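Shown next, in structure tokens, is the structure this report addresses.
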Amino acid sequence: MRRRAEFVEHSQCHSSIQRVQSDLENSGPEKGMDRERPSHLRNKEDMVMLPVLSRVAVCGGTHGNELSGVYLVRERLKKRRKGEVMEAVAIVTVMSNPRAVQRCVRYTETDLNRCFSNAMLSLSLSEKSPYELVLSQELNTLLGPKGSTEAVDLICDLHNTTANMGLCLITYSDSDWICLHICKHLQREMATIPVRYVHYDYPPSEAYSLDSVGKHGFAMEIGPQPHGLIRSNVFTAMQEAVQLMLDWVRLFNSGTQFEGSSLDVYTLVKSIDYPRDPHTHSITAAVHPDLQDRDFCLLHPGDPMFLSFSGETVRYKGKEPLYPFFINESAYYEKGVALSLARRRKVEIPAIHSRRI
Amino acid sequence: MLHMEVVTIPILRRMAVCGGTHGNEMSGVYLVPELERQRKEKGDSIWPIPLTTVLSNPRAIKACTRYVDKDLNRCFTSDILSSPITESTPYEVRRAQELNTLLGPKATDDAIDIVCDLHNTTANMGLTIISYSHSNWICLHIFRYLQTLITTVPVRLVLLDIPISEAYSLESVGKYGISLEVGPQPQGVIRADIFNVMKEGVNGVLEWVRKFNSGQVIEGGSIEAFTVEKSIDFPRDPETKTVMVTIHPQLQDQDFCLLKPGDPMFLKFSGEVVKYEDDEQFHPLFINEAAYYEKGIAFHLAKKRTLTIPSIQAKKD
């Protein structure tokens, strides 16, 4: 029976990490992969007080064929109707794209999760506007408006990927202490799956996904899972993670102090497309077997990246070793992305404590 | 070994390899153009017999979906192939009739000898050869050869015991039709390792045809085949018909293993286990195939049989 790439940290990956650490030891602090950015704090012992998170949104079905979130939201809504749930914090549960969910497709006209930039949210709508654009503005009214004081405090948007990424919290800030502490909490508590923090360095106005509508927010991405089906272990992991997140919010709101710590943050640098035929634009190669399923294992210049259908190896020609992720995500073929590449660095997070306004 | 009579079968003259019968099953979508590239580079003589390559469902391939109007791979029954075309005829029915003209007509002497249709599944099925029982002994021998040739993944045979007029899939158009089903692979994704298995499989079929056509005796023996007896659906919400469970972790990925009474089958979202209650033991396959949710199938259940196949030899004119 072929071994599936289930949240597996490959042994080759570990030796890559060891190689990086010895590189760091041998070179000065300016070189090496883990560049330190200026900290926002004078010293690590400073405590940061942050407002309570009084409203949290859990969203699923933003892509209608990413089924863990669809089923999780359905189950939460069912329990609500039966009156089983008692919440200490106001939780809004949202099925983001009902039409796409009903048809079990990613989207019906345009990708909903690219419709939340400030520009898109302020486009005037007409009869010809795509369904998902109308929907994004409705969701912005429900959970936002983005950038205003009325916006929900935290959005957790549930996603699946065909890539072997374990659990990732994907967000636009590397200094959002709420998101970073939640990630740390999940890392400590979840035993069955690796948990990582992925950062897209976009200013809020250009942030294009649903999670950017809240004051804090992240996409919770779990893979690998094919689109259009539900795997038990992936669903269980997502259920556990959402529960842990809500537990953390309750603890935070009740005044618990969370100690300072540090966390690895993966920041997107660039994406790489498949080799394509110059005339037909069809792809001519697949992700190389040595790279397939090795998300977050360091990719070095010269490492195999693609294997053409005729058997030739295409190698990574970049100058800098980087961490690949979203390797072979089926929805990204049409976006021209075979894999994304990130730099990794350690971020210091301060102790935090809630303050009531 | 007991001496068995050698069965003579006419030499094989023409073959077709079809990909993209489901537009989001990517190994076939990319192997077909790769075969054409090989033809352009090295000439037809690389193959033992004239080879036709077909992208079965171009519209679905373009949209990267399984089908546009209707599942193409259910459109090859004699009834559908002979139904009149009107303005409201689904795209795939028209396409099925075109393919029947190109590769058939089904159940006539003009039909192409071998049709090899390429598929992927999200289920953990390794390389599964699917064929109809009426296409003995060629397909069974091809399976036997592939099973000895390919060692990177398990190779198994599924036989559909359906009369030819009711046979609904594309490969039934040929005199000898086989489907190569390789998984697990998500829809819309091309994995290099799965592509290589498919390539090995197609090359293996071509190598076997070369051996057969050379006139040598191909030794018979015994093989194992799985025949589908029934299917099990997911437990569903009675009102909304939405699925209420997941495949139990102990059953997920266990295609072709034995499912015994009392074994876990599904896991409800509440945590409750739904067990297999039937008296008989079966072998489940197509466990958690994404495309089968809408067909009301969580998995098929099959019986394993041992068949004896005779030695065969090509009969030259």
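Based on this model, can you work out whether A:VAL89 counts as within 19 Å of A:PHE218 (Cα to Cα), surrounded by 15 or more Cβ atoms within 10 Å (Cβ to Cβ), at pLDDT below 95 and in contact with a helix residue (DSSP H, G or I) (Cβ under 9 Å, 6 or more places away or on another chain)? Yes, satisfied.
For B:THR152, indicate whether it is surrounded by fewer than 18 Cβ atoms within 10 Å (Cβ to Cβ) and assigned to a helix (DSSP H, G or I).
Numbers: surrounded by fewer than 18 Cβ atoms within 10 Å (Cβ to Cβ): yes; assigned to a helix (DSSP H, G or I): no.
For B:THR152, the condition - surrounded by fewer than 18 Cβ atoms within 10 Å (Cβ to Cβ) and assigned to a helix (DSSP H, G or I) - is not met.
Restricting attention to the stretch A:245-275 and to residues that are closer than 15 Å to A:PRO324 by Cα and of a type in the set (Phe, Trp, Tyr), the residue that is farthest from the chain's Cα centre (by Cα) turns out to be A:TYR274. Any residue that is touching a Cys at 6+ places or on another chain (Cβ under 8 Å) and farther than 16 Å from B:ALA192 by Cα - is there at least one of those in the stretch A:273-296? Yes: one or more hits.
Do the conditions hold for B:TYR132, that is, is it at pLDDT 95 or above, closer than 26 Å to B:ILE309 by Cα and of a type outside the set (A, V, I, L, M)? Spell out how you get there, then give the answer.
On the way: at pLDDT 95 or above: no; closer than 26 Å to B:ILE309 by Cα: yes; of a type outside the set (A, V, I, L, M): yes.
Spelling it out, it is not the case that B:TYR132 is at pLDDT 95 or above, closer than 26 Å to B:ILE309 by Cα and of a type outside the set (A, V, I, L, M).
When we screen A:ASP293, A:ASP264 for residues that are outside any helix (DSSP H, G or I), of a type in the set (Asp, Glu) and at positive phi, the only hit is A:ASP293. Whenever a residue of the stretch A:234-255 is farther than 16 Å from A:GLN187 by Cβ, its partners that are part of a helix (DSSP H, G or I) and modelled with pLDDT under 95, lying with C-beta atoms within less than 9 angstrom and at least six residues away or across chains, give the pairs A:GLN239/A:GLU75.
What about A:ARG345, is it over 22 Å from the mean Cα position of the chain (by Cα), away from chain B (no Cβ under 11 Å), of a type outside the set (A, V, I, L, M) and over 16 Å from B:ASP193 (Cα atoms)? Break it down stepwise before answering.
On the way: over 22 Å from the mean Cα position of the chain (by Cα): no; away from chain B (no Cβ under 11 Å): yes; of a type outside the set (A, V, I, L, M): yes; over 16 Å from B:ASP193 (Cα atoms): yes.
Considered against the rule, which asks whether it is over 22 Å from the mean Cα position of the chain (by Cα), away from chain B (no Cβ under 11 Å), of a type outside the set (A, V, I, L, M) and over 16 Å from B:ASP193 (Cα atoms), A:ARG345 comes out as no.
For the stretch A:272-299, taking the residues that are buried (at least 16 other Cβ atoms within 10 Å of the Cβ) and polar (S, T, N, Q), the one that is nearest to the other protein chains (Cβ to nearest Cβ) is identified as A:GLN292. Selection of first residues in the stretch B:230-250 that are among the aromatic types (Phe, Trp, Tyr) and of second residues that are modelled with pLDDT of 90 or more, restricted to Cβ pairs under 6 Å at least 6 apart or on distinct chains, gives the following pairs, ordered by first then second residue: B:PHE234/B:VAL243; B:PHE234/B:VAL245; B:PHE234/B:ALA298. Kindly establish whether B:LEU170 is closer than 25 Å to B:LYS70 by Cα, within 14 Å of chain A (Cβ to nearest Cβ) and surrounded by 23 or more Cβ atoms within 10 Å (Cβ to Cβ). Against the criterion (closer than 25 Å to B:LYS70 by Cα, within 14 Å of chain A (Cβ to nearest Cβ) and surrounded by 23 or more Cβ atoms within 10 Å (Cβ to Cβ)), B:LEU170 does not qualify. Of all residues in the stretch B:177-186, one or more are in contact with a strand residue (DSSP E or B) (Cβ under 6 Å, 6 or more places away or on another chain), among the polar types (S, T, N, Q) and away from chain A (no Cβ under 14 Å). Taken residue by residue, the stretch B:106-114 has no member that is farther than 26 Å from B:VAL205 by Cβ, assigned to a loop (DSSP other than H, G, I, E, B) and small (Gly, Ala, Ser). Taking residues in the stretch B:33-53 that are free of Cβ contacts under 8 Å to residues at least 24 places away in the same chain and within 13 Å of chain A (Cβ to nearest Cβ), and partners anywhere that are β-branched (Val, Ile, Thr) and surrounded by 13 or more Cβ atoms within 10 Å (Cβ to Cβ), the pairs with Cβ atoms closer than 7 Å and at least 6 places apart or on different chains are B:GLU36/B:THR53.
Yes/no per residue for (1) in contact with a strand residue (DSSP E or B) (Cβ under 8 Å, 6 or more places away or on another chain); (2) at pLDDT below 95; (3) closer than 21 Å to A:PRO98 by Cα:
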| position | (1), (2), (3) |
| --- | --- |
| A:SER124 | no, no, no |
| A:LEU133 | no, no, yes |
| A:THR141 | no, no, yes |
| A:LYS146 | no, no, no |
| A:THR162 | yes, no, no |
| A:ASP174 | yes, no, no |
| A:TRP177 | yes, no, no |
| A:HIS181 | yes, no, no |
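Where helices (runs of 4 or more DSSP H) fall wholly inside the stretch A:74-147, the ranges with 3 or more residues that are within 14 Å of chain B (Cβ to nearest Cβ) are A:98-103.
Taking every residue in the stretch A:45-56 that is charged (D, E, K, R) and pairing it with any residue that is assigned to a strand (DSSP E or B), at least 6 positions away or on another chain, the pairs with Cβ-Cβ distances below 6 Å are A:ARG55/A:ALA90. Can A:THR161 be described as in contact with a Pro (Cβ under 8 Å, 6 or more places away or on another chain) and either free of Cβ contacts under 8 Å to residues at least 40 places away in the same chain or within 14 Å of chain B (Cβ to nearest Cβ) (or both)? Yes; evaluated as a whole, the condition is true for this residue. Close contacts from the stretch A:320-333, counting a first residue that is more than 11 Å from every other protein chain (Cβ to nearest Cβ) and a second that is among the aromatic types (Phe, Trp, Tyr), with Cβ to Cβ under 7 Å and a gap of 6+ residues or different chains, come to A:TYR323/A:TYR266; A:TYR323/A:PHE296; A:PHE325/A:TYR266; A:PHE325/A:PHE296; A:PHE326/A:TYR332.
Based on this model, can you work out whether B:SER222 counts as over 15 Å from B:ALA298 (Cβ atoms) and either in a strand (DSSP E or B) or not small (Gly, Ala, Ser) (or both)? Talk me through it step by step, then tell me what you get.
On the way: over 15 Å from B:ALA298 (Cβ atoms): yes; either in a strand (DSSP E or B) or not small (Gly, Ala, Ser) (or both): yes.
It is true that B:SER222 is over 15 Å from B:ALA298 (Cβ atoms) and either in a strand (DSSP E or B) or not small (Gly, Ala, Ser) (or both).
Residue count for the stretch B:134-149, restricted to those that are of a type in the set (Ser, Thr, Tyr) and either out of contact with any helix residue (DSSP H, G or I) (no Cβ under 9 Å at 6 or more places or on another chain) or part of a strand (DSSP E or B) (or both): 1. Scanning the stretch B:19-32 for residues that are away from chain A (no Cβ under 11 Å) and in contact with a helix residue (DSSP H, G or I) (Cβ under 6 Å, 6 or more places away or on another chain) yields B:GLY19, B:GLY20, B:THR21, B:GLY23.
The single condition among (1) under 20 Å from the mean Cα position of the chain (by Cα); (2) farther than 19 Å from A:TYR332 by Cα that A:ARG114 does not satisfy is (2).
Each residue in the stretch B:95-134 was checked for being surrounded by 23 or more Cβ atoms within 10 Å (Cβ to Cβ) and small (Gly, Ala, Ser), and 3 pass.
Exactly one residue out of A:LEU24, A:LEU72, A:LEU41 is surrounded by 13 or more Cβ atoms within 10 Å (Cβ to Cβ), of a type in the set (A, V, I, L, M) and at pLDDT 95 or above, and it is A:LEU72.
The values are calculated or read from the model by the stated rules, or taken from the named source; none is laboratory data. Just so it is clear, the model here is predicted, and its values are computed rather than measured. Counting neighbours? That spans all protein chains shown, and the Cβs are built from the backbone with ideal geometry, glycine included.
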